[in-house]
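Working notes for the structure below.
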Amino acid sequence: MRAVIFEKAGLENLRLINDAGEPQITDHDVLIKVRLAGVNPIDQIVISGALPLSPMPHIPGAEMAGTIEKVGSHVHGLNKGDRVIVYNRLFDGTCDLCLIGCENICRNAGRIGANTNGGFAEYVAAPQQNVVKIPDDLNWDIAVSLPVTGLTPFHALMEASLRFNETLVVFGASGSTGMMATQIGKRMGAKVIAVSKEEWTKAFGADYVITDYENVPEEVKELTNDKMADVVLNSVGAKTWDSSFKSVGINGRLITFGGLTGPEVNLDIQSLYSKQIKLIGSTGGTRAQLKELIDSLAKEVKVKVWKRFGLEDAREAIQALSSKDRAGRIVLDV
């Protein structure tokens, strides 16, 4: 089996090998032949060594889509040849949070691609409870973008209680999660303001596009007749935090799930309480939400793939995540 591995942290240690052993599955696992793997910031974090990893040497890859090759003897409802995606969060199913359907924040949580080998390989093993069937006619680019790239902003907008006719501002709208957030927000009935240097984001459902990052709050104020935004989604991190916070209106919500440009920010507490702003952190999403995403939105959204790489170019693909020219998804064609 061809696989991308590293034995110690650091992008320079990432390499392709041709003789990795095929993953072994238990009675409750599924072996998947990977068709596409998404390239995400979480993969960058994994390769940097910032998270505890298992096993070592390690195969990264948090987001994948493919077809079932083998099923364990106790697996039901999944068969060889089924087209599937993999729910990325590992969970025990027994803690108090899992029991109320919050597997994404399980008290004993892990991640496929960090706490197990991931999808930067020809085959990957996954627990049955993490494997989700997809329609036969669903485009592979969209399929591979559902488990992390789509589910993360969908969960975030649900956590922010985005309502019909509210104004949503999406920072980083031309990025992977940003383009999904724009489309999902629009389909939830919001007026969407995309913050991006890429005008093409308007074709993804944005009502307005703000290309000048230096004057976002001023333009939001003008576009909303001084009301400002009901919900602001910041997946970019520290670099756009001040603009994000200033763009939130009275009784609005600021939700975040990304720190690509840094994790530490300053907070104007006086504005926070006087405007009654809600700050919300969000991570991943639930299996029920992933199923809802597949059933109700998967065939309505689209994905712009910026660059495609092969397994042999995985290092270059990870580096491309930080490119100032990136506009859209990066995928590995396995």
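Overview of results
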{"read-out": "Too-long pairs where the Cα-Cα distance tops 18 Å, listed order kept, from 186/275; 202/302; 221/324; 33/133", "value": "186/275; 221/324"}
{"read-out": "Cα centre as origin, Lys/Arg/Asp/Glu Cβ charges: segment 149-281 dipole, Debye", "value": "420"}
{"read-out": "Integer Hz, Karplus 6.51/-1.76/1.60 couplings in order for segment 148-161, x for Gly and Pro", "value": "10, 4, x, 5, 4, x, 4, 4, 4, 5, 5, 4, 7, 6"}
{"read-out": "Charge-dipole axis of the chain as Lys and Arg at +1 and Asp and Glu at -1 on Cβ define it, positive-most pick from 66, 327, 77", "value": "77"}
{"read-out": "Using a Förster distance of 25 Å, the FRET efficiency for residue 54-residue 33 (Cβ separation, nearest 0.05)", "value": "0.60"}
{"read-out": "Table column - 3J(HN,Hα) (Hz), segment 243-256, Karplus curve with 6.51, -1.76, 1.60, x for Gly and Pro", "value": "5, 4, 5, 5, 8, 7, x, 4, 6, x, 10, 10, 10, 9"}
{"read-out": "Selected from 238, 189, 220, residue furthest toward positive end of dipole (segment 149-281; charges at beta carbon)", "value": "189"}
{"read-out": "Rounded, prolate or oblate (a/c below 1.5 giving rounded, otherwise prolate when a/b exceeds b/c) for segment 1-156 by Cα gyration tensor", "value": "rounded"}
{"read-out": "Electrostatic dipole magnitude of the chain [Cβ: Lys, Arg +1; Asp, Glu -1; Cα centre; debye, to 20]", "value": "320"}
{"read-out": "Among 285-296, 248-259, the order from most to least packed when residues are scored by Cβ within 10 Å on average", "value": "248-259, 285-296"}
{"read-out": "Dipole of the chain [Lys/Arg +1, Asp/Glu -1 at C-beta], most positive-end residue of 20, 90, 252", "value": "252"}
{"read-out": "Segment 84-186 shape via C-alpha gyration tensor axes, a/c threshold 1.5", "value": "oblate"}
{"read-out": "Potential lengthening between residue 238 and residue 22 on full extension [0.36 nm per residue; Cα-Cα distance subtracted]", "value": "73.7 nm"}
{"read-out": "Linear extension gain, residue 137 paired with residue 295, 0.36 nm per residue minus alpha-carbon span", "value": "55.6 nm"}
{"read-out": "Rounded FRET efficiency, nearest 0.05, which uses the C-beta distance separating residue 165 from residue 218 and R0 of 22 Å", "value": "0.45"}
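Every number in this text was worked out from the coordinates using simple rules, so none of it is lab data. Every value quoted in this text rests on a predicted model; they were computed, and no experiment measured them. Glycine also receives a Cβ, built like all others from the backbone with ideal geometry; neighbour counts cover every protein chain displayed.
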